[in-house]
Amino acid sequence: MSTAILGADGLARCPWGLSAPDYVAYHDEEWGRPVTDDQGLYERLCLEAFQSGLSWLTILRKREGFRAAFSGFDMAKVAAYGPDDVARLLADVAIVRNRAKIEAAIANARAGLELAGGLAATVWRFADPDAPAPKSTEDVPATTAGSKALAKELKKNGFRFVGPTTAYALMQACGLVDDHLVDCHRRGAYR
């Protein structure tokens, strides 16, 4: 059973939050903090999709490259990308060069701009602030009924690479659920 672990600074963290130096700041300052704007949610949705099948650490370390390559995740700019941009992105070593994921990021920008009320309003309808507090990593699900419903809603609206697992990772990262472990110093920090 993996419960929160004390770091060198004396603070208890989710075990993954101490598994690499890059994770400490991400765990403490970002993961689980509510993201309520369209651009912020679009960025995280793209990054979660690019992470599929890879380590999150890989994506985290390439994040600035992704931001530069995808116009700061400005949905209107990315939605206007064409074949030359796809070719440029496929040649960009600062990002994960996967044609299907690149094309999904562009399609998702277009779909996001078409959502009534915007991406944030759509995603936040699936927030679950009353989800059970996990005591150990074994208590953290990979998917939930809410993530399945969110993925279905996004797919219905033309989004790609948004299965229930990716949708749940987005929900965790953006504060729709609080999956910091019960003994983690960040548990409940954003309520």
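At q = 0.20, 0.30 Å⁻¹, what log₁₀ I(q)/I(0) does the stretch 98-149 have when each alpha carbon counts as one equal point scatterer in the Debye sum? The calculated log intensity ratios at q = 0.20, 0.30 Å⁻¹ are -0.87, -1.10. Using every pair of separate Cα atoms, the Kirkwood estimate puts the hydrodynamic radius of the chain at 17.1 angstrom. Between the helical axis of 99-114 and the longest alpha-carbon principal axis of the chain there is an angle of about 90 degrees. Enclosing the Cα atoms of the stretch 1-102 in their convex hull gives a volume equal to 109 cubic angstrom per residue. D by Stokes-Einstein for the stretch 1-47, Kirkwood Rh over Cα pairs, 10 °C, 1.306 mPa s: 132 µm²/s.
On a per residue basis, the convex hull of the C-alpha atoms belonging to the stretch 88-191 measures out at 125 Å³. Compared with the dominant Cα axis of the chain, that is its longest principal axis, helix 145-156 is turned about 10°.
Computed from Cα atoms, the angle from the helix 164-173 axis to the main principal axis of the chain rounds to 60 degrees. Using θ = phi - 60° in the Karplus curve 6.51 cos²θ - 1.76 cosθ + 1.60, the 3J(HN,Hα) couplings for the stretch 90-96 round to 5, 9, 8, 6, 7, 10, 7 Hz; x is entered for Gly and Pro.
In the context of the full set of protein chains, the stretch 141-191 has a per residue accessible area of 43 Å² (1.4 Å probe). Of the solvent-accessible surface of the chain, computed with a 1.4 Å probe and all protein chains present, 53% belongs to carbon and sulfur. Between E103 and L54, the simple label model (points 7 Å from Cα in the Cβ direction) yields a spacing of 1.8 nm. Here the Debye sum runs over all C-alpha atoms of the stretch 45-124 as equal scatterers in vacuum, and log10 of I(q)/I(0) at q = 0.16, 0.17 Å⁻¹ comes out as -0.58, -0.65. For the stretch 49-91, the solvent-accessible area with a 1.4 angstrom probe is 47 square angstrom per residue. Listed values for the stretch 57-73 are Karplus-derived 3J(HN,Hα) couplings in whole Hz (6.51 cos²θ - 1.76 cosθ + 1.60, θ = phi - 60°), namely 4, 4, 5, 4, 6, 9, 4, 5, x, 4, 4, 5, 5, 9, 6, x, 6, and x replaces Gly and Pro. Working note: Cα atoms of the stretch 148-189, range along each principal axis, descending, whole Å: 38, 14, 13.
The values are calculated or read from the model by the stated rules, or taken from the named source; none is laboratory data. Owing to the predicted nature of the structure, the values given are computational and were not obtained by experimental measurement. Here Cβ is always computed from backbone atoms with ideal geometry, including for glycine, and neighbour counts include all displayed protein chains. The accessibility values were calculated without ligands, DNA or RNA, using every heavy atom of the protein model including side chains. Shrake-Rupley method; radii C 1.70, N 1.55, O 1.52, S 1.80 Å.
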